[in-house]
Structures are given as C-alpha cells and as structure tokens.
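Here is the structure we will look at.
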Amino acid sequence: MVRYAARWFLLIFPAFFASGALAQTPSSHMERASSREAHRSPVAPLSQKLFGEIPLSTKSEDARKSLELAWDKYENAMYEPAANMARQAARKDPQSALSYAMVSFAARRGMPDASSLAKAKALLSHATPDEQLLVRWMTDIQDHHLLPAIASMNDLLKRYPHDKHVLYVTGEWLFLQQDDDRARTLLETALQVDPNFPAALNRLGYLYLDSSNPDPAKAVASLKRYAEVEPSSPNPQDSLGEILREAGEDQGSIEHYQAALKIDSAYISSQYGIGNVRTLMGDFAGARQEYDRAIPMAQNPMDELYVKYLKNFVYFWEGKPAEGRAAFAALAKEAAGKKEPNSQFQIGLAQAILAADAQSEVEQLKTLSTLLAKPLAGMNESDRGIARATVMRERARVAALQGQSKDAERAVSELEALATASRDQLIQSYFDSARGYLLASRGDYENAAEALSADPHSPLVLQQLAAVREKMGHAAEAEAARTCLKYHRSSEAEWFLATHSATAQSN
C-alpha cells in the first residue's frame, strides 16, 4: 500500500537524525544569560536571548524572564498558567511577537486564543530571524499549515541542535502527530543534553507505554525519575497516576493522584483522574463523588464540561446506557449554549460511538459533520481538521462493519482528500485505518492489517487489527495488537466499546 505520510515527514532535518549522540556538557542556559546581563551597558539596554540561546527582539529583561517562565510551565504541562505568564510577557513588551505566539501556542491545549494568534502574526516583522522561525512554527501549527511548519522546525533544529527546549517542543509536536519514533529520538537527545530534563522525562514516560512496543517498566522508571527531579510539582505524580491506570495498576494510580493533590489541592486532572480509576474499578458511587469534587476546580467552561463528560460514562459502566445517553444529550445542549465547539465535538462523538444502534450513530455523525463543516470560533483549524477526520473514520468503521460498502467507500474517499490536502500525519493515519476497515470487510486481510497498523492509538482500531491478524493465522501478531490495546485503558467511549464488544463476541 502507498504510504505518502512516511515520505513527507522525512522532510524533517535528516542530518539531525543521523547525527547520533551529542557531545555537549549539560549546562544552564538561564545562568549563562544572567552572567551576560551583568555586563550590560547602564545606558542602552541590550537585546535579550531566550534561555541564553535564541536572540529576541525585546530589550525588556522582564519580558524575557516571563517568556522563559511561560515556556517552563508549558514544558511541565501547565498550559493555562503558561498562557497567562506569556500574557505577562506581552504586557511588558507589547511588540513581542513571540510572547503572543506563546500565548496562543499554550492556549491551544485548552481554550484557544485567536486574538493572540493574530497579534503574533501581525508583529512577525518586528522579530529577530530566529525568533521568526519559532513564531512561524507555532502559528503555522495552529493554522494547519503543516509544510511551512515543518520547514520552520527543520531550520530550528539546524540552528539549535543542542537546545533542549527546542528539542522538547518539536519532539512533543511529533508525539501529538503520533510520529512516535522521531519524537522519541528528539526527546532522548534532549536527555543527552540534560539527563535531568523534567519535560523530556515526562513525555518519554508516555511514549514508552503508548508506542507500538509498550514497555511499562521503562515508562514508570522515566516518570519516577521525573518525580525525583521535580518533587514540588504535582504533574509528575499526576503522570504516574495516568500511566499506572493505563497499565491496570489501579491502587497505585490512585495513590499517585492523591500525592499530586497533596502538592496542589486544586490540581483538577488528578481529581478527575481518581474518578476515572474508580469508574474502572466498579466503584461508581465513589467515582461520582470524585467528579463532583473536580467540577468546582474548573477554571474555564471546557474543563467543567470535560469533567461532566467523564462523569456521564459512569452510567454505561454500571449498565444504564439509556440514562447515559440522556445525560449526554443534556450535556450537548449545555455545551452548545456555552458555545464551546471543542466540547460539542467531544460530547457528540461519545454520543455517536455509544448510540443504541448503527442508524442512530450515523445520524449523530451527520450532525457532527455539519458542526465541523466550517471554521468555528474557539476551535483551532488544526483541531477542526483532526475532528473532521475522526468523524470520517468512525463513519467508515460503522459502514464497513454493517456491510454498507458504498457508504464506507464514500467516507474513506472524503478522508483521503482531507489527508492529501492537510498533509497532517495524524489525519493520514486515520485515513489508513478507515481504509483498513473497508479492506477487512472485503476479506483483504493482508492489506487491511497493514492499513490498520498505521493507527496504533485507537482502541477500536487495535481491536480490529487483532481480529484481522487472527483471521490471517498470525497469532503472535494478533497478541501484539492486544498488548497495545491493553495499555490504552481508560473510562471513555472507545475503550468501553472495545472491551464490551470483545466480551460480547467471546460469549
């Protein structure tokens, strides 16, 4: 099968990936910057350098410090605080394109900030050449202009192959694009630069478990090292809680979530994380109590709606699907009333996947397609593209499983067009797996297996991949797919359907 995603992503700086280990002594960029600043002229302020490396246009030391703090919070998965700190940098220097770019870049992980995105692009000409590379990369990602984003990323890696912060943000983006191998290369290189780099230790913990060859022991070891170097942060404990939940170690998961809350009693992801674990344990009353504690912690409508969304799954786990569907319908109205399109999509997809029958699911998917047909205030174009691809993949899955070949072909064709236009590797993987469902329905198991294997992060795709490999007589490969599936354990829709449909098939 032709796999153009693998080809276009090789545009990433090839010399970097062939360079091997880096011979650089770990050092503190902030310390080097501070020592240079001590020799500044008292009359004419000098331009600043981000982490002592990347020249900035701003002359404000305070703006530079706020930018570095924002970056640090982003690396530690504190996205809203990162955006707020970047806003402080922008107030200290309103002409700083990078400050506004950092606001929008961090905010995209929660409540998008379109005005800061526009401001960053408007101020681009004020930035230094290397600063422009960062700004273009951050803004092109959000605008879904992926080829220019990749070009900027290549140039950043050429210019700063030993900068751990550049290595991290580019590696993280590749992780989010599900380009696990290259993400791992960049993040492990960042650890060569600084073996105690918290952000890389954290992200690698997830990569080691969520890859096609999961290694839970290595994942936990990386996150425990993260906790050692960041003992005052709640995020290492929260990450351990999440990874242990995926690995099925529920009691250990709860203990680490509780440890995070002891550090920061308002750390919402750990609070609802305990609810997720209790749901999986069958402690449904306890799960609802934990979710109810999390709701008042929400700092914005998206967080509040997300906790309520998680709470609604409890109905399905306790065998009350009708009540669950009614709860999701009410929550969908609430999200629409609050004009929160990201939540509307998330809730609508859960309604579709957990619909009472295939026809009801198709109708719900049509509603979602209509919602996502045009740009939406409050949703990045990148996120809208991925949301559209998710809906198309689900349409293809349902149609293929129902033997509706023409409907499946139509969904696959639409998804192929979107993948070609977007050049987004994540969307490409969704196209591949959608095509895999169609090929499996036709009995073309060899090509179906290859296509499905391109999307290793979806529980439903992994379930289908295991079934296809079983039909091919490849027992070891089928078991490998089931092992990957095992480590995507969650309380949400895909895992619920995958595990419950598997149970139904075995009875």
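The values are calculated or read from the model by the stated rules, or taken from the named source; none is laboratory data. Everything numeric here is computed off the predicted structure, so don't read it as measured data. Virtual Cβ from ideal backbone geometry, glycine too; neighbours counted across all protein chains shown. Side chains are part of the model used for accessible areas, which takes the heavy atoms of the whole protein and leaves out ligands, DNA and RNA. Shrake-Rupley method; radii C 1.70, N 1.55, O 1.52, S 1.80 Å.
Hey, can you tell me all the residues within region 223-232 that are open to solvent by 10 Å² or more (accessible area, probe 1.4 Å) and either within 19 Å of the chain's Cα centre (by Cα) or touching a residue at least 60 places away in the same chain (Cβ under 8 Å) (or both)?
We begin by selecting, within region 223-232, every residue open to solvent by 10 Å² or more (accessible area, probe 1.4 Å); these are 224-225, 227-232.
Across region 223-232, the qualifying residue is only Glu230.
When you go through (1) open to solvent by 50 Å² or more (accessible area, probe 1.4 Å); (2) in a helix (DSSP H, G or I); (3) more than 29 Å from Glu363 (Cβ to Cβ) one by one for Gln299, which number turns out not to apply?
Evaluating Gln299 over (1) open to solvent by 50 Å² or more (accessible area, probe 1.4 Å); (2) in a helix (DSSP H, G or I); (3) more than 29 Å from Glu363 (Cβ to Cβ) leaves (2) as the failure.
From the list Ala400, Ala449, which one is out of contact with any Gly (no Cβ under 7 Å at 6 or more places or on another chain), among the aliphatic types (A, V, I, L, M), touching a residue at least 12 places away in the same chain (Cβ under 8 Å) and more than 22 Å from Val362 (Cβ to Cβ)? Lay out the reasoning, then the answer.
Numbers: Ala400 fails: more than 22 Å from Val362 (Cβ to Cβ).
Answer to the selection: Ala449.
Is there any pair linking a residue in region 71-89 that is more than 17 Å from Val166 (Cβ to Cβ) to one that is assigned to a helix (DSSP H, G or I) and open to solvent by 60 Å² or more (accessible area, probe 1.4 Å), with Cβ under 7 Å and at least six apart or on different chains, and which?
So the pair list comes out as Met85/Leu69.
Going through region 383-407 one residue at a time, which ones are open to solvent by less than 20 Å² (accessible area, probe 1.4 Å) and small (Gly, Ala, Ser)?
Within region 383-407, Gly385, Ala387, Ala389, Ala396, Ala399, Ala400 meet the criteria.
Does at least one position in region 116-128 carry a residue that is surrounded by fewer than 20 Cβ atoms within 10 Å (Cβ to Cβ) and within 27 Å of Arg182 (Cα to Cα)?
Within region 116-128, none of the residues are surrounded by fewer than 20 Cβ atoms within 10 Å (Cβ to Cβ) and within 27 Å of Arg182 (Cα to Cα).
The conditions are (1) in contact with a helix residue (DSSP H, G or I) (Cβ under 6 Å, 6 or more places away or on another chain); (2) touching a residue at least 12 places away in the same chain (Cβ under 8 Å); (3) farther than 20 Å from Ile54 by Cα; (4) not basic (Lys, Arg), and Met138 fails exactly one of them. Which is it?
(3)
Which condition number does Val43 fail, the rest of (1) open to solvent by 70 Å² or more (accessible area, probe 1.4 Å); (2) at pLDDT 95 or above being met?
(2)
For region 339-379, what are the residues that are at negative phi, surrounded by 16 or more Cβ atoms within 10 Å (Cβ to Cβ) and not in a helix (DSSP H, G or I)?
Answer for region 339-379, where residues must be at negative phi, surrounded by 16 or more Cβ atoms within 10 Å (Cβ to Cβ) and not in a helix (DSSP H, G or I): Glu340, Leu354, Ala355, Leu372, Leu376, Met379.
Out of curiosity, is Ile274 open to solvent by less than 10 Å² (accessible area, probe 1.4 Å), more than 18 Å from Val314 (Cβ to Cβ) and of a type outside the set (Ser, Thr, Tyr)?
Against the criterion (open to solvent by less than 10 Å² (accessible area, probe 1.4 Å), more than 18 Å from Val314 (Cβ to Cβ) and of a type outside the set (Ser, Thr, Tyr)), Ile274 does not qualify.
Go through region 307-338 and give me each residue that's open to solvent by 60 Å² or more (accessible area, probe 1.4 Å), charged (D, E, K, R) and either in contact (Cβ under 8 Å) with a residue 60 or more places away in the chain or touching a helix residue (DSSP H, G or I) at 6+ places or on another chain (Cβ under 9 Å) (or both).
Scanning region 307-338 gives Lys320, Glu323, Arg325, Lys338.
Need pairs with beta-carbon distance below 7 Å; first residue more than 26 Å from Ser116 (Cβ to Cβ) and within region 365-392, second not in a helix (DSSP H, G or I); sequence gap 6+ or separate chains.
That search, which allows pairs on different chains as well, returns Val391/Leu372.
Could you please find all residues in region 347-385 being of a type in the set (S, T, N, Q) and over 24 Å from Ala421 (Cβ atoms)?
Gln351, Gln359, Ser360, Gln364
Given (1) under 22 Å from Lys49 (Cα atoms); (2) open to solvent by 10 Å² or more (accessible area, probe 1.4 Å); (3) under 20 Å from the mean Cα position of the chain (by Cα), identify the lone condition not met by Met153.
(2)
Residues in region 253-271 that are open to solvent by less than 20 Å² (accessible area, probe 1.4 Å) and of a type outside the set (Phe, Trp, Tyr): how many?
Adding up the residues that qualify gives 5.
Is it the case that some residue within region 414-429 is without any contact (Cβ under 8 Å) to a residue 60 or more places away in the chain and either of a type in the set (Lys, Arg) or under 25 Å from Ser116 (Cβ atoms) (or both)?
Among the residues of region 414-429, not one is without any contact (Cβ under 8 Å) to a residue 60 or more places away in the chain and either of a type in the set (Lys, Arg) or under 25 Å from Ser116 (Cβ atoms) (or both), which makes the answer no.
If Ser422 meets every condition in (1) open to solvent by 40 Å² or more (accessible area, probe 1.4 Å); (2) at pLDDT below 95; (3) over 28 Å from Tyr208 (Cβ atoms) apart from one, which number is that one?
(1) is the only condition that Ser422 fails.
Could you figure out which of (1) open to solvent by 40 Å² or more (accessible area, probe 1.4 Å); (2) without any contact (Cβ under 8 Å) to a residue 24 or more places away in the chain; (3) acidic (Asp, Glu); (4) farther than 26 Å from Asp383 by Cα isn't true of Glu304?
(4)
Within the group Ala6, Ala33, which residue is modelled with pLDDT under 85, over 30 Å from Leu240 (Cα atoms), among the aliphatic types (A, V, I, L, M) and in contact with a strand residue (DSSP E or B) (Cβ under 9 Å, 6 or more places away or on another chain)?
Details: Ala6 fails: in contact with a strand residue (DSSP E or B) (Cβ under 9 Å, 6 or more places away or on another chain).
Of the residues listed, the single one that is modelled with pLDDT under 85, over 30 Å from Leu240 (Cα atoms), among the aliphatic types (A, V, I, L, M) and in contact with a strand residue (DSSP E or B) (Cβ under 9 Å, 6 or more places away or on another chain) is Ala33.
Please tell me if Tyr160 is over 29 Å from Ala480 (Cα atoms) and touching a strand residue (DSSP E or B) at 6+ places or on another chain (Cβ under 8 Å).
yes
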